[in-house]
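Since the structure comes first, as structure tokens, the remarks are kept for the end.
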Ligand code: AMP
Ligand code: ZN
């Protein structure tokens, strides 16, 4: 059983801030910033590729609600919402989750600034066409 399923089963302790039919929200045990939370679906799925539609549909309204709440509670200046899919993308826990990461003006934390590819407009068009072909 995965670590988040164990948390959901109360086999491993966690600091929970919210629960409804579909989700629990826990504090990240190694927070990037004060108030870093994880929205975890109760149903196990690995990542975006096998995410059930009803979870996909309901997760962003909850992310919005939590963002407003954390901003009221802690006086955040901004929020990053992150969600990693696959090892190459930095996923470490293979039970889908959305990170809510409050940001503060006085805090010097690093959420990496990505390097950018130098692609010609035509190459971007070509990539877009490949994607459009399978939509
Ligand atoms: P990701 O890299 O997107 O898979 O993120 C996994 C997140 O889960 C990391 O931010 C970890 O700090 C967090 N995490 C791992 N174990 C626990 C735990 N037992 N309780 C709360 N958060 C956890
Ligand atoms: Zn799980």
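Just so you know, all these numbers are worked out from the coordinates, no wet-lab data involved. Only a predicted model underlies this, so the values are computations on that prediction, with no experimental measurement involved. Positions of Cβ are generated from backbone atoms using ideal geometry, with glycine treated the same way; all protein chains shown enter the neighbour counts.
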| Residues of the range 98-130 being closer than 13 Å to residue 79 by Cα and exposed (fewer than 11 other Cβ atoms within 10 Å of the Cβ), which ones? | 105
| task | Would you mind finding the one in 60, 18 that is within 16 Å of residue 100 (Cβ to Cβ) and assigned to a helix (DSSP H, G or I)? | result | 60
| message | Restricting to the range 89-113, name every residue that is away from ligand 1 (no atom under 16 Å from the Cβ) and free of Cβ contacts under 8 Å to residues at least 24 places away in the same chain. | response | 106, 108, 113
| query | Taking the range 1-54 on its own, how many of its residues are crowded, with 16+ Cβ neighbours inside 10 Å, more than 12 Å from ligand 1 (Cβ to nearest atom) and within 21 Å of residue 89 (Cα to Cα)? | reply | 2
| remark: Apart from one, (1) away from ligand 2 (no atom under 16 Å from the Cβ); (2) in a loop (DSSP other than H, G, I, E, B); (3) out of contact with any strand residue (DSSP E or B) (no Cβ under 8 Å at 6 or more places or on another chain) all hold for residue 43; the odd one out is (1)
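Restricting attention to the range 63-76, does a residue exist that is in a loop (DSSP other than H, G, I, E, B) and either surrounded by fewer than 17 Cβ atoms within 10 Å (Cβ to Cβ) or within 15 Å of ligand 2 (Cβ to nearest atom) (or both)? I'd like the intermediate steps shown before the answer.
Going through the range 63-76, the residues in a loop (DSSP other than H, G, I, E, B) turn out to be 75-76.
From what's left, either surrounded by fewer than 17 Cβ atoms within 10 Å (Cβ to Cβ) or within 15 Å of ligand 2 (Cβ to nearest atom) (or both): 75.
So far as the range 63-76 goes, yes, one or more of its residues are in a loop (DSSP other than H, G, I, E, B) and either surrounded by fewer than 17 Cβ atoms within 10 Å (Cβ to Cβ) or within 15 Å of ligand 2 (Cβ to nearest atom) (or both).
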